[in-house]
1. If each residue of separation counts as 0.36 nm, what is the full-extension length gain between Val287 and Cys67 once their alpha-carbon separation is subtracted?
2. Any idea which of Ser65, Ala312, Ala51 is furthest toward the positive side of the dipole for the chain, if Lys and Arg beta-carbons carry +1 and Asp and Glu beta-carbons -1?
3. Roughly what angle does helix 2-32 make with the longest principal axis of the chain, taking Cα atoms, 0 to 90 degrees, to the nearest 10?
4. Working from Cα positions, state the angle (0 to 90°, nearest 10) between the long axis of helix 95-117 and the longest principal axis of the chain.
5. Any idea what the dipole of segment 75-197 comes to, in debye rounded to 20, about its Cα centre with Lys/Arg Cβ at +1 and Asp/Glu Cβ at -1?
6. Angle check, please: helix 278-296 long axis (alpha carbons) against the longest principal axis of the chain (alpha carbons), in degrees 0 to 90, nearest 10.
7. Expressed as a rounded percentage, what relative contact order does the chain have, with Cα pairs under 8 Å and six or more residues apart?
8. Based on the alpha carbons, how large is the Rg to Rh ratio for the chain when Rh follows Kirkwood?
Amino acid sequence: MLEALNNIVPLAICFTTPLLIIALGGLVSERSGVVNIGLEGILGFGAFTSAYVLNVVLNDFSFISLCIALVSGAIAGGFFSLIHAFASITMKANQVISGTALNILSPALAIYLSRIFAGSANIGIKQGFLKTNVPLLSKIPFLGVLFRDAYITSLLVLIIVIITWFILYRRPLGLRLRSCGENPHAADSAGINVNRMRYLGVFVSGTFAGLGGAIIITTYAGEFSINIYNGLGFLALAALIFGKWKPFGVLVAALFFGITKTSAEISTMNNLLKEMPQIIFTTFPYVATLIALVVFSKNSVSPKAAGEPFEAGKR
């Protein structure tokens, strides 16, 4: 049992890391009052940007170049998300439709740009971050398995989760942001610029999603292709709901989904299970996600004003 856990957890962490940071991005956006269905498209654009920077602009796969690729993907995701922000906040368009449009635009735009600048729809990556044991943390009894044979990006995302929680619940900026998602008119009467805070929330959301796409490229993907992240943005939304719109709740939900996906993939290597139909293992993570949402999300309460356009004169 312990040996199986040691085999599954490191692989699960690899998948959980991008899922967690993408879900955290959705959390920040919805806490500000904007539903960001476009996480899938944003992470895809971030993944394309990081692959392009690594393989075409830098043509180098050193540690510094990989870090530059992470930053590039995050920035690209942030600015790409401003399309959604402009449509849903300034133009007061339906937020679900706006996010869906972003999901449709992103893969087509990424493939078009990839063919123009890289000569192919796919951009290969020769080398990403190497796995290592995180100093000190990997020595912790029992919990240390989470930090063994892991990418440095896993530690980075964990730090971002802690910082996000601290800002949201311990700093005035977080209080202002959350007030815009709960009662924007009360926030407006208190002198808070609601639209500005919502723009900030969407931009941070896009930055996190773009970083998630860049992490996929610089860790386990090996190349940019629209197939490497198919469905991950929507799974992040499920983790957001399952985690009840709270940073550490999202952390637990992302870890749960990561373990179910990894367990399904490892099960195909078992002599007793590999004769079973492949579709069982392919669909298992998503079926487990649906069951978890049905069982645990009954008492989940989203931000009250999430999805509602803000009009200053309307009460």
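The values are calculated or read from the model by the stated rules, or taken from the named source; none is laboratory data. Source: prediction; values computed, not measured. FYI the Cβ positions are ideal-geometry reconstructions off the backbone, even for glycines, and counts take in every protein chain you see. Areas reflect the complete protein model, heavy atoms only, side chains present, ligands, DNA and RNA absent. Shrake-Rupley method; radii C 1.70, N 1.55, O 1.52, S 1.80 Å.
1. Numbers: separation 220, 0.36 × 220 = 79.20 nm, distance 3.52 nm.
Using 0.36 nm per residue and subtracting the Cα-Cα distance, I get 75.7 nm.
2. Of the candidates, Ala312 comes out farthest on the positive side.
3. The answer is roughly 20 degrees.
4. Compared with the principal axis, the helix lies near 50 degrees.
5. Working: 11 positive and 3 negative charges, 53 e Å.
About 260 debye.
6. 40 degrees
7. Numbers: 566 pairs, mean separation 111.5, N = 315.
That works out to 35 percent.
8. Numbers: Rg = 19.6 Å, Rh = 20.0 Å.
Taking Rh as the inverse mean 1/r over Cα pairs, Rg/Rh reads 0.98.
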